[in-house]
Protein chains: 4
Amino acid sequence: MSELTLSQANQIVEAALAKGAELGLNPLTVAILDAGGHLKAFARQDESSIMRPQIAQGKAYGALAVGFGTRWLDAAAQERPHFVQALNGASGGTIVPVPGGVLLQDDNGKTLGAVGITGDSSDNDEAAALAGIEAVGLKANTGA
Amino acid sequence: MSELTLSQANQIVEAALAKGAELGLNPLTVAILDAGGHLKAFARQDESSIMRPQIAQGKAYGALAVGFGTRWLDAAAQERPHFVQALNGASGGTIVPVPGGVLLQDDNGKTLGAVGITGDSSDNDEAAALAGIEAVGLKANTGA
Amino acid sequence: MSELTLSQANQIVEAALAKGAELGLNPLTVAILDAGGHLKAFARQDESSIMRPQIAQGKAYGALAVGFGTRWLDAAAQERPHFVQALNGASGGTIVPVPGGVLLQDDNGKTLGAVGITGDSSDNDEAAALAGIEAVGLKANTGA
Amino acid sequence: MSELTLSQANQIVEAALAKGAELGLNPLTVAILDAGGHLKAFARQDESSIMRPQIAQGKAYGALAVGFGTRWLDAAAQERPHFVQALNGASGGTIVPVPGGVLLQDDNGKTLGAVGITGDSSDNDEAAALAGIEAVGLKANTGA
């Protein structure tokens, strides 16, 4: 398989939101970007705050930006804050370097896109992303 | 009803894409914004080009910006191009002033959000938007 | 008198909205900027669309930008569109070059600030601005 | 009640400024945004400095961005500075993450908008915001 389809992307969104419901998480916002960083599917649950679209997309974009899930960027921000600040600037303020941005990869490790989730703690956001990815049988890269 | 729900937004996306399939349109991209202009639901069909997310959202945002569907902005751009250019600048380059951005309104004329669609001709994009809105029983404002 | 006060600015807003009510205009948005182009007072009536804040401020800023009310910019945009486009760019997309941005001046012609109004036709927006300015006994420069 | 009215917003501004006068605070700037983050009412007292409009609006926007008053962002900025820096970037430099941005909520916890105040210490700015909110009988969320 070489490209993420809308059908897969929608399944990831649904499964991630189902995981959020199962865990009793706050309202979530889920963004799915393709390998080029362009939005493919998106859902923001009722009662989510207004910048959740940017945060969810910024996590997914951050993961694609460096080729690792955003847990890697979160660690980098603590070790080399100037690097992550520079990435933020270079991306026009797009990337959000905290956990919850997870790469979608096939069995050969090829990156097909990324999921970004926000709304609960970063760890819970990431757990919902992993559930979404598992639902379509893809591999996840959290950057851990 | 005072606010657009994610459930309604998803139904609009599905019905709009079904209309596109029925009419044999090119791959479509559909964005649903809430009344404040914040993304609620989104889908980009396979084989859509990479700036479709900005175009779909820009049509929906343009409609919300002025309180009329983007057919109004399309006409304004021909009568007073400097006004629409200024709106583009004032929105940080966000608005896209061609048909296919349609306001979602309740029976009292209250705006609950907007749909923006791109991928085929502007007229066909708008037709898909209208089918989506009809599916949830809301009123449409195309700006005509 | 050398500076616009908040008390005057609030009176201008009130009188402009009263004029809108008297004329049966659409919901209006009124912005008052000081001589430096910084926001002093503002009101957006219920049911106004979401970019009205930028449009009202952009009219007032445009008037201050060139030292004439925005009727001057509207004419300039038709004679020399490249000049007004360049001003739009140079202002970071701020200025809105259509009537409804009016300078506030004292009896010596000194500019104390500007009013920007949007929501109805540009001519009606300007009429509401003039009523506001008259209410505090200042002179108006519409750029006509 | 489902939406903030201009009448309520104006009352909040007046009551906040009255609180500032009562406490002998520095000149204040007060911005009221609706639930979508769009300016509804605004006042900048005489002798306020020129970026107070951006600061007041940035506090209110920051609160709406994440769904908590800006005291939450102030704490987050100390625990995870890279997250708050990223939010600043993702908002186009809009949010101001210090106390004084307070959500307006109804009895069901639904967010109707936000108040942002600047001019004195952040704690005093917040106290004036709370007085404004109390005056209209809404609930406040400071993010504490």
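The values are calculated or read from the model by the stated rules, or taken from the named source; none is laboratory data. Nothing here was measured: the structure is a model prediction, and the numbers come from that model. So basically every Cβ, Gly included, is an ideal-geometry build from the backbone, and we count neighbours across all protein chains shown.
Sort out which residues of region D:106-121 are surrounded by fewer than 18 Cβ atoms within 10 Å (Cβ to Cβ) and either away from chain A (no Cβ under 11 Å) or touching a helix residue (DSSP H, G or I) at 6+ places or on another chain (Cβ under 9 Å) (or both), and write them in order of number.
Kept after step one, since they are surrounded by fewer than 18 Cβ atoms within 10 Å (Cβ to Cβ), are these residues of region D:106-121: D:106-110, D:121.
If the condition is that a residue be surrounded by fewer than 18 Cβ atoms within 10 Å (Cβ to Cβ) and either away from chain A (no Cβ under 11 Å) or touching a helix residue (DSSP H, G or I) at 6+ places or on another chain (Cβ under 9 Å) (or both), then D:ASP106, D:ASP107, D:SER121 are the ones that fit.
Do the conditions hold for B:GLN57, that is, is it surrounded by fewer than 24 Cβ atoms within 10 Å (Cβ to Cβ), in a helix (DSSP H, G or I) and more than 14 Å from chain D (Cβ to nearest Cβ)?
Numbers: surrounded by fewer than 24 Cβ atoms within 10 Å (Cβ to Cβ): no; in a helix (DSSP H, G or I): yes; more than 14 Å from chain D (Cβ to nearest Cβ): yes.
No; evaluated as a whole, the condition is false for this residue.
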For region C:13-45 the number of residues that are assigned to a helix (DSSP H, G or I) and under 21 Å from D:THR5 (Cβ atoms) is 10
Which of the residues belonging to region A:20-46 are more than 8 Å from every other protein chain (Cβ to nearest Cβ) and more than 15 Å from the chain's Cα centre (by Cα)? A:ALA21, A:GLU22, A:LEU23, A:GLY24, A:LEU25, A:ASN26, A:PRO27
Region C:86-144, residues that are touching a Ser or Thr at 6+ places or on another chain (Cβ under 7 Å), farther than 18 Å from B:LEU87 by Cα and in a loop (DSSP other than H, G, I, E, B): C:GLY143
Of the conditions (1) more than 16 Å from the chain's Cα centre (by Cα); (2) modelled with pLDDT of 95 or more; (3) more than 19 Å from D:ALA41 (Cα to Cα), the single one that C:GLY67 does not satisfy is (1)
Just to be sure I understand, how many residues within region A:86-104 are more than 12 Å from A:ALA65 (Cβ to Cβ) and within 7 Å of chain D (Cβ to nearest Cβ)? 2
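Any idea which residue in region D:64-85 is nearest to the other protein chains (Cβ to nearest Cβ), counting only those that are assigned to a loop (DSSP other than H, G, I, E, B) and surrounded by fewer than 21 Cβ atoms within 10 Å (Cβ to Cβ)? I'd like the intermediate steps shown before the answer.
Filtering region D:64-85 down to residues assigned to a loop (DSSP other than H, G, I, E, B) leaves D:67-69, D:80.
In the following step, the residues that additionally are surrounded by fewer than 21 Cβ atoms within 10 Å (Cβ to Cβ) were identified as D:67, D:80.
Numbers: D:GLY67: 3, D:ARG80: 7 Å.
Here the residue is D:GLY67.
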Of the criteria (1) over 14 Å from the mean Cα position of the chain (by Cα); (2) without any contact (Cβ under 8 Å) to a residue 12 or more places away in the chain; (3) within 16 Å of C:LYS19 (Cβ to Cβ), which one C:SER121 fails: (1)
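Regarding D:ALA31, is this residue more than 26 Å from C:LEU112 (Cα to Cα) and either of a type in the set (Asp, Glu) or surrounded by 24 or more Cβ atoms within 10 Å (Cβ to Cβ) (or both)? Full working, then the answer.
On the way: more than 26 Å from C:LEU112 (Cα to Cα): no; either of a type in the set (Asp, Glu) or surrounded by 24 or more Cβ atoms within 10 Å (Cβ to Cβ) (or both): yes.
Answer is no for this residue.
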Among the candidates C:GLY93, C:GLY89, which residue alone is small (Gly, Ala, Ser) and on the phi > 0 side of the Ramachandran plot? C:GLY93
